[in-house]
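Rule-based calculations on the coordinates, nothing more; no lab input. Computed from a predicted structure; not experimentally measured. Neighbour counts run over all protein chains shown; Cβ positions are idealised from the backbone, glycine included.
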């Protein structure tokens with residue numbers, strides 16, 4: 001019998017965090033379940049810092065609010081946690097302290113709101129006997145076993161609006177306008193925003209690009225009297241035979257993806273300008289995609305996910321991820337989400353073992369893009 005639960009939000013912020021929290025809290029209240037929130041994700045779980053969410057004003061009026069009212073952490077892998085001892089940086093497995101905190105606090109279930117790394121740790125905690133239920137969050141839309149993650153639709157909407165604005169500048173000044181968008185190793189944001197924003201070229205990680213293919217598309221438009229072009233580039237896009245463009249490496253500890261992507265938009269804009277003779281300008285959308293008010297779609301999706309997660313807890317279905325499959329809410333084992341990434345505390349991200357959901361060539365978005373003449377760089 002579930003009587004007391006806690007939520008943690010982990011990873012990069014997205015629009016919809018608070019709507020999920022609200023969905024969990026309201027469903028918990030209806031069923032007489034106490035609901036709490038750990039502060040700043042897994043770090044809050046380690047430090048045992050949490051607040052009461054139900055029956056208080058803190059979870060009121062948050063449906064339309066961006067970010068997370070309980071914070072989030074992007075660098076807290078408690079299975080391989082960075083600590084300093086005697087002036088030396090060492091890494092320790094502090095997960096047992098988290099398990100003990102949960103037991104001492106008498107939480108019957110922990111809800112983990114996050115992406116592939118967050119759910120990897122959730123799976124690892126389930127192996128330690130913790131009742132865990134995940135909710136798939138990321139603007140990248142790359143969590144395995146679900147059709148869509150919350151936060152993604154808002155990011156696509158922001159990118160599409162940016163493309164609308166870049167269109168007018170490109171057309172007025174006869175320029176190539178490049179928009180670099182997030183997505184890490186998956187091209188969902190780039191591809192869908194390109195379709196929604198009427199782009200001419202979309203370069204995504206799943207299709208290593210030939211810059212000459214993009215040049216040919218632009219020259220075809222010039223021949224038709226169209227002296228501007230719109231290009232969307234995913235931050236993880238790479239040229240054929242080349243590598244992803246890395247802005248730098250973070251030092252957020254082991255067990256997390258420390259690669260900081262960025263710069264491919266500038267690289268593509270410079271090449272296109274040199275090869276076409278048209279002026280090219282890059283805009284890197286950056287964190288604009290993460291913040292602010294969630295779309296109505298994400299508000300509804302997040303609420304559905306939150307409510308479903310609480311339902312699963314009441315039904316005693318733990319060690320699972322709430323998912324949307326073929327338009328219907330469901331759940332899948334966290335083991336399925338993790339895939340081959342079986343090692344406890346293993347690095348999440350673009351590894352051979354990672355179970356990231358990437359764009360496949362038979363996806364309807366790819367087919368649609370090709371049908372309407374968007375060049376994908378191949």
Neighbour-count ranking [beta-carbon atoms within 10 angstrom, fewest first] of 334, 191: 334, 191
- line: If 121, 15, 331 are placed from fewest to most neighbouring beta carbons inside 10 Å, the sequence is 331, 15, 121
query: What is the gain in length, in nm to one decimal, between residue 293 and residue 250 on full extension, counting 0.36 nm per residue of separation less the C-alpha to C-alpha distance?
result: 12.7 nm
message: Could you work out [θ]222 nm for the chain from helices alone, using -39500 (n - 2.57) per DSSP H run of at least four and dividing by all its residues? Round to the nearest 500 deg cm²/dmol.
response: -11000 deg cm²/dmol
task: Take the alpha-carbon centre of segment 94-165, take the same for segment 304-355, and report the distance between them in whole Å.
output: 8
query: How much length is gained on full extension from residue 351 to residue 171, taking 0.36 nm per residue of separation minus their Cα-Cα distance?
result: 60.7 nm
- line: Counting only DSSP beta bridges with both partners in the chain, the antiparallel fraction in percent, to the nearest 5, comes to 35
